[in-house]
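Reading through the structure tokens given below for one structure.
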Amino acid sequence: MMRQLLPYTIRPMEPGDVQTVVAIDRLSFPTPWPASSYMYELKHRSRSFYYVLLRPTTDEVTPADQGWRRWLYGMIGLAGSSRVIGYVGLRERGQPTEAHISTIAIHPDWRGNGLGELMLLVALEQALELRFSTVSLEVRASNQVAHRLYRKYGFRFRSVHQAYYRDGEDAWLMAVEVDRDAYQSRLIRLRQALEARLGRQQPEPV
């Protein structure tokens with residue numbers, strides 16, 4: 001899958017993307033995945049689907065080149081030449097009718113532009129293309145921003161996984177049925193609204 005949405009490109013994740021993906025992971029989560037987990041997903045899982053979001057080719061803006069941020073990016077290997085600014089992972093969960101969003105993140109410098117919503121939309125549309133009927137995910141119990149986004153896309157609370165994360169925080173399991181005509185019509189409207197929002201923006205980091 002290769003998709004162009006306005007100035008952004010979305011394509012399947014490749015092994016060469018993993019270093020940058022892990023760098024974004026470390027900036028996004030208190031318990032990030034190691035590179036070996038991504039490599040395993042890419043190489044050994046026949047029902048895993050991982051995608052990356054690329055910034056526009058004509059945009060040469062890189063993360064702020066100053067102070068601690070410059071030092072940190074150098075330490076974690078986030079090269080300014082990399083175009084990967086976000087990612088999402090989707091995998092079959094237990095039964096062939098359910099897909100699970102295993103991870104989703106946008107580089108901190110590119111947040112607030114609707115790109116996390118874009119990657120969620122990519123995962124949902126891909127689940128439909130692959131003929132999954134349900135999509136689920138886990139989210140930290142404290143992550144109110146993510147809760148609002150997922151509810152916007154029809155996700156509902158299913159259960160609590162106590163002390164799910166390595167730091168002891170609970171996870172909410174949320175899910176949505178995507179194979180209904182009414183939901184697919186809703187998804188089209190949400191996509192149109194997001195496209196309009198992205199089209200009004202100048203693609204650049206904050």
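The values are calculated or read from the model by the stated rules, or taken from the named source; none is laboratory data. Note that this is a predicted model, so its numbers are computed, not measured. Please note: Cβ atoms are built from the backbone with ideal geometry, for glycine as well, and neighbour counts cover all protein chains shown.
Right, VAL139: among the aliphatic types (A, V, I, L, M), under 25 Å from TYR8 (Cα atoms), crowded, with 19+ Cβ neighbours inside 10 Å and in contact with a strand residue (DSSP E or B) (Cβ under 6 Å, 6 or more places away or on another chain) or not? No; evaluated as a whole, the condition is false for this residue.
Can you report the number of residues in the range 156-187 which are in a loop (DSSP other than H, G, I, E, B) and under 24 Å from TRP33 (Cα atoms)?
Quick first cut of the range 156-187, residues in a loop (DSSP other than H, G, I, E, B) only: 162-170, 178-180.
If we keep only those that are under 24 Å from TRP33 (Cα atoms) too, we end up with 162-170.
Of the residues in that region, 9 qualify.
Kindly indicate whether any position in the range 64-83 is modelled with pLDDT of 80 or more, in contact with a helix residue (DSSP H, G or I) (Cβ under 7 Å, 6 or more places away or on another chain) and buried (at least 18 other Cβ atoms within 10 Å of the Cβ). Among the residues of the range 64-83, not one is modelled with pLDDT of 80 or more, in contact with a helix residue (DSSP H, G or I) (Cβ under 7 Å, 6 or more places away or on another chain) and buried (at least 18 other Cβ atoms within 10 Å of the Cβ), which makes the answer no. Close contacts from the range 103-121, counting a first residue that is over 12 Å from ARG55 (Cα atoms) and a second that is acidic (Asp, Glu) and surrounded by 21 or more Cβ atoms within 10 Å (Cβ to Cβ), with Cβ to Cβ under 7 Å and a gap of 6+ residues or different chains, come to ALA105/ASP25. Among the residues of the range 162-176, those identified as surrounded by 13 or more Cβ atoms within 10 Å (Cβ to Cβ) and either more than 19 Å from the chain's Cα centre (by Cα) or of a type outside the set (A, V, I, L, M) (or both) are TYR164, TYR165, GLU169, ASP170, TRP172. Residues in the range 40-55 that are of a type in the set (Ser, Thr, Tyr) and surrounded by fewer than 17 Cβ atoms within 10 Å (Cβ to Cβ): 2 in all.
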